[in-house]
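Working notes for the structure below.
The values are calculated or read from the model by the stated rules, or taken from the named source; none is laboratory data. As the structure is a computational prediction, the values presented were derived from the model and not from experiment. Cβ coordinates were reconstructed from backbone atoms using ideal geometry, including for glycine residues, and neighbour counts include every protein chain displayed. Note: areas computed on protein heavy atoms with side chains; ligands, DNA, RNA excluded. Shrake-Rupley method; radii C 1.70, N 1.55, O 1.52, S 1.80 Å.
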Amino acid sequence: MTGSTDTTDGATTGGATTGGGAAGKGSTGEGIPTASARTASVARTVTDVLQPRNVLLAGMLGIGLAAAGDWTGLLWGFLGALCAGLIPAGYIEWERGRGTWGDRHVVDRTKRAPIFFVILGSIGAGSVVMVLGNAPTGILVAMLALWVMTIGLLAVNTVWKISVDSAVASASVSLLAVVHSPWWIAAYALTAAVCWSRVALGYHTVAQTLAGAGLGAATTVAYVFV
C-alpha cells in the first residue's frame with residue numbers, strides 16, 4: 001500500500017531497517033540486496049506511482065483513443081484497463097484483506113499463480129465483450145497481446161521470479177508506440193525507472209526486471225498478424 005512500510009521475506013524495504021535489523025543496506029530472504037533508506041523511499045514512490053494498475057489505466061486509454069480515432073476509444077480503453085489492471089488489483093486487495101498476502105507485491109512467487117489466472121480470466125472476458133461490441137482492432141489486439149504475455153509470465157513464474165511490474169510497464173510503452181506513435185519509445189525511461197525501483201527495493205534482480213521488460217516489449221509482435 002502506498003506510503004506504508006512493507007516487510008517482505010525478512011526485509012523491511014520501506015524504512016531504514018533491512019534484513020536482520022541493521023541500518024543501511026541488507027537483503028531479502030531471496031538474497032536480493034535492498035537499498036539504503038533514502039534510495040528505498042524514492043524507489044517506493046516510483047514503484048507505487050507506476051504500479052501496473054496505474055500504468056495500464058493510462059496506457060489502455062491512450063491505446064483505445066489512438067485505435068478508434070475519437071472519444072469512443074476512451075471507453076474501450078477503460079474497459080481494457082478495467083480487465084487487465086483494475087480488477088486484478090482489486091482481487092489482490094481483497095486477498096490482502098483476508099490476510100493471504102502482506103502487500104500487493106506478493107514477493108513469494110509460489111503464491112502468485114491465482115493472480116495470473118484472475119488476470120487471464122478478466123482479460124479474456126473483456127476481449128469477448130470487445131469482439132461482440134465491434135471494438136477497434138488496435139485495442140482488441142492489445143488485449144490479446146496482454147493475455148498472451150500473462151501466459152508467459154505464469155509459465156516463467158513456475159520456475160523463476162520474473163518481474164510483472166517491469167513487463168506491464170514495457171508492454172504499455174511498446175503498444176502505445178505501435179498504435180499511436182513511435183515517439184512513445186521515449187517513455188521507456190519510465191520503464192527503466194520501474195526496473196530500477198524493483199531492484200532497489202529488493203523485490204527482483206536486474207535479470208528478472210530485464211526479462212520482464214523483454215517479455216512486455218514482445219507484445220508488439222501481435223500486430224504483425226493483424
Sequence of 78, 225 when ordered by accessible area, the most exposed leading, probe 1.4 angstrom: 225, 78
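Give me the percent relative contact order of the stretch 39-125, please, defined on Cα pairs under 8 angstrom at least 6 residues apart.
So the answer I get is 24 percent.
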Euclidean distance of C-alpha centroids, the stretch 156-174 and the stretch 66-125, integer Å: 14 Å
Hull volume in cubic angstrom per residue (convex hull over the Cα atoms of the stretch 121-216): 85 Å³
Computed accessible area, residue 185, all protein chains, 1.4 angstrom probe, square angstrom: 90 Å²
Coil-residue chymotrypsin sites (Phe, Trp or Tyr not before Pro) of the stretch 109-196, DSSP, other Cβ within 10 Å capped at 15: 160
Accessible surface ranking that places the most exposed of 206, 156 first, with a 1.4 angstrom probe: 206, 156
Share of Cα-Cα pairs in the stretch 39-139 lying beyond 19 Å, as whole percent: 50 percent
Long-range tail of P(r) for the stretch 166-211 (Cα pairs > 13 Å, %): 51 percent
